[in-house]
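Note sheet for the following structure.
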Amino acid sequence: MSRVLLVDDDEQMRSSTAQALELAGFTVEPVQTGEEALALATPAFPGAVVSDIRMPGMDGMTLLNRLHEVDADIPVVLVTGHAEVPLAVQAMRNGAYDFIEKPFVVQDLANVLRRAIEHRGLVIENRRLRAVAGKHDDIEARLPGRTQVMVDLRYRLRAIGPSDADTLIIGPTGAGKEVAARALHDMSPRAGKPFIAINCAALPESLIESELFGHEAGAFPGALRPRYGKFEHARGGTVLLDEIGSMPLELQAKLLHVLHERVIFRLGSNDPVQLDVRFIATSKTDLALAVEAGTFREDLYWRLNVAMLHIPALATRREDIPLLFLHLVRESAARHGVSEREVPPSYLSSLSGRDWPGNMRELRNLSERFVLGLEARELDDSTGTRLADRVADFERSLISGAIAAHGGRLKPVYEMLGISRKTLYEKMQKHGIDRRLIVENSEDMTG
């Protein structure tokens, strides 16, 4: 089915429009506010957005601009009153796909949405084909880095993405596990279908089965109407089981059955529902160790582990950090509509020496603060350093980061840096670099 994100603060209008669009063959996600819509819209969103132009808080024009910050190619259809037509025309100039006046005939809206969703499907398919071909502007933009570990990661993503293999992604908090999961989805034939992310650590145990499997009316007190669960809602697409190690053992057994049979049963029903989805699971801990500890089922571990990806901690690829920070600063400046600030070399080189427990998320937050001028004190402290000291600091951090990334092996380091073995030894001696200490510290941070 074609997906529509319907935004309207009027409950009666929202409900009646959603029902009519569902009868016309669309899968509708009705929400009350622009903030809720933004939480659901991603660069992989395969449908169109319909929004009332007049709403309290975030209005339709603001929502249009915010959606296009997420992805400029998400089609947005605005619903207007007769007096708001000039405003809607302005919205078209600002990138709205179309507008429709109240009161409207649902069939007219449905026709507009079919064209919008067909256009969106072509955009996503084009992106998927570029990603499979390994273009720089897709996977490398999402997971940048020149270290070998990142090159290898992107290679594995491109190999696994177009397949239908269930995948397990292991990596520390903030390293980019969900980014990798979305990339796998966008490279697959399922790219035009739903991508449903489920935070296993946040689901209350009392509601977890209903949330995942759905229920029939009367299945439990308060279940007045039948409801699709998240698994069923994702049919044809991808389910991301985020932090699957947090899932209770009892539910792990039921998930194992779903993975094996690709069938679910709604609560209160004995009728099987066929499930056509791809499962991607993430974990910040080694699930093999969880199996040994008895907190994770071994059979589920092997069922999920058809393919595995390891997302490296930022501290293990230190030579990527300066370039990553500059890339994030450019993104942040564009997002906030401010001029890009120059990054002092001494400040840039100091970044490679930090521990980065929050990984890419922490680096991204730092770039936001830098762009907004909230890192002024640290910058002031660094400006008095002599140029020679700044260059030495940068060279030291670059060499140390390269040694950490390659596990203490020097041959790939001097080859990557484009210097001779003798020159590398001389620079290590000059800067007091002990590769044994670097490797030990790197293992401590990722262990």
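Quick notes on this one:
- Pairs, first modelled with pLDDT under 80 in the range 419-447, second among the charged types (D, E, K, R), C-beta under 8 Å, six or more apart: M445/D355
- Filtered by the rule that a residue be modelled with pLDDT of 75 or more and either polar (S, T, N, Q) or not assigned by TED's automatic domain parsing to the domain that holds P344 (or both), the range 357-396 gives N359, N365, S367.
- Failed condition for V7, given (1) more than 19 Å from the chain's Cα centre (by Cα); (2) more than 18 Å from K230 (Cβ to Cβ); (3) of a type in the set (A, V, I, L, M, F, W, C); (4) at pLDDT below 90: (4)
- Residue that is surrounded by the most Cβ atoms within 10 Å (Cβ to Cβ), among those in the range 327-373 that are touching a residue at least 60 places away in the same chain (Cβ under 8 Å) and farther than 19 Å from T173 by Cα: H327
- Test: V277 is surrounded by fewer than 18 Cβ atoms within 10 Å (Cβ to Cβ) and in the same structural domain as P226 (by TED's automatic domain parsing): no
- The residues on offer are R303, R297, and the sole one that is of a type outside the set (G, A, S), in contact (Cβ under 8 Å) with a residue 60 or more places away in the chain and in the same structural domain as H215 (by TED's automatic domain parsing) is R303.
- Condition check for G174: surrounded by fewer than 18 Cβ atoms within 10 Å (Cβ to Cβ), at positive phi and either free of Cβ contacts under 8 Å to residues at least 24 places away in the same chain or not hydrophobic (A, V, I, L, M, F, W, C) (or both): no
- Residue match in the range 326-349 (condition: at pLDDT 80 or above and among the aromatic types (F, W, Y)): no
- If only residues of the range 186-210 that are among the charged types (D, E, K, R) and more than 18 Å from T27 (Cβ to Cβ) are counted, the one that is surrounded by the fewest Cβ atoms within 10 Å (Cβ to Cβ) is E205.
- Residue list for the range 62-83, restricted to those being crowded, with 19+ Cβ neighbours inside 10 Å and of a type outside the set (S, T, Y): L63, L64, L67, I74, P75, V76, V77, L78, V79
- Residue in the range 244-256 that is surrounded by 18 or more Cβ atoms within 10 Å (Cβ to Cβ) and within 17 Å of the chain's Cα centre (by Cα) present: yes
- Test: L324 is in contact (Cβ under 8 Å) with a residue 40 or more places away in the chain, aliphatic (A, V, I, L, M), crowded, with 16+ Cβ neighbours inside 10 Å and not assigned by TED's automatic domain parsing to the domain that holds P412: no
- Applying the criterion of being modelled with pLDDT of 85 or more and hydroxyl-bearing (S, T, Y) to the residues of the range 28-59, the residue that is surrounded by the most Cβ atoms within 10 Å (Cβ to Cβ) is S51.
- Yes/no for P172 being at pLDDT 90 or above and more than 18 Å from T238 (Cα to Cα): yes
- Restricting attention to the range 209-242 and to residues that are closer than 29 Å to G161 by Cβ and among the hydrophobic types (A, V, I, L, M, F, W, C), the residue that is farthest from the chain's Cα centre (by Cα) turns out to be F213.
- L240 being closer than 22 Å to M360 by Cβ and among the hydrophobic types (A, V, I, L, M, F, W, C): yes
The values are calculated or read from the model by the stated rules, or taken from the named source; none is laboratory data. Source: prediction; values computed, not measured. In this analysis, Cβ positions are derived from the backbone assuming ideal geometry, glycine residues included, and neighbour counts consider all displayed protein chains.
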